[in-house]
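The values are calculated or read from the model by the stated rules, or taken from the named source; none is laboratory data. Only a predicted model underlies this, so the values are computations on that prediction, with no experimental measurement involved. Neighbour counts run over all protein chains shown; Cβ positions are idealised from the backbone, glycine included. Keep in mind that these areas ignore ligands, DNA and RNA; they rest on the heavy atoms of the full protein, side chains included. Shrake-Rupley method; radii C 1.70, N 1.55, O 1.52, S 1.80 Å.
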Amino acid sequence: MQKFSILLVLALIALACGGGENAPSEAPPTATNAAAKKDIDVKKIWKVRCIACHGLYGDMGTNGAANLQESEKPLEYRINIIKNGSENGVMTPFGDILSEDEIKAMAEYTMTFKKE
Ligand code: HEC
């Protein structure tokens, strides 16, 4: 009987460890696709590169920055403006600063400011 309970305890430990290994690879439901795949910290990039004009919640509008809570622009447009800057030259291009994956992740991140 005692042998049996030791086996049971060992089995439980093995199960617990197995579950722990799998947990980190599961993306949190709020993470954007590109960011989750490449482990890109979109919030950090946002705070360093974008917050001065767009604000923490995307609606600050410094220098006429587009209100991202109201923007209807599609993903492709956003990728382009982040890469090449805005046509009026106010938003700086990030094509030389961020990688393709980071730009895509940031474009997806800007979609998340929109209120339902
Ligand atoms: C120097 C100020 C400035 C910074 C920094 C800045 N933006 Fe912008 N952003 C703007 C302005 C101004 C516009 C509107 C341009 C226009 O009207 O053509 C804009 C527009 C956009 C748009 C298009 C939204 C729309 O509806 O037109 C996106 C997406 C965007 N910015 C994302 C970002 C991201 C991501 C970053 C950081 C990597 C960033 N911006 C950094 C000023 C800035």
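Based on the Cβ-Cβ distance from Thr62 to Asp41, what FRET efficiency comes out when R0 is 22 Å, to the nearest 0.05?
0.45
Considering only protein heavy atoms, what is the solvent-accessible area of Val48 at a probe of 1.4 Å, reported in Å² to the nearest 10?
For Val48, solvent-accessible area is about 100 Å².
Out of the total accessible area of the stretch 35-116 (probe 1.4 Å, heavy atoms of protein only), what percent is carbon and sulfur?
51 percent
What does the accessible area per residue of the stretch 35-116 come to in Å², with a 1.4 Å probe and no ligands, DNA or RNA counted?
Heavy-atom accessible area per residue stands at 66 Å².
With only Lys, Arg, Asp and Glu charged, each at its Cβ (+1 for the first two, -1 for the last two), find how big the charge dipole of the stretch 35-116 is about the Cα centre; round to the nearest 20 debye.
Here the stretch 35-116 has a charge dipole of around 200 debye.
With the crude spin-label approximation of a point 7 Å out along Cα→Cβ, what separation in nm comes out for Lys115 versus Glu100?
Here the modelled spin labels are 3.7 nm apart.
If the cut-off is 17 Å between C-alpha atoms, which aspartates and glutamates fall inside it for Lys114, apart from same-chain ones fewer than 8 positions away?
Within the straight-line limit of under 17 Å, Lys114 reaches these aspartates and glutamates: Asp59, Glu70, Glu72, Glu76.
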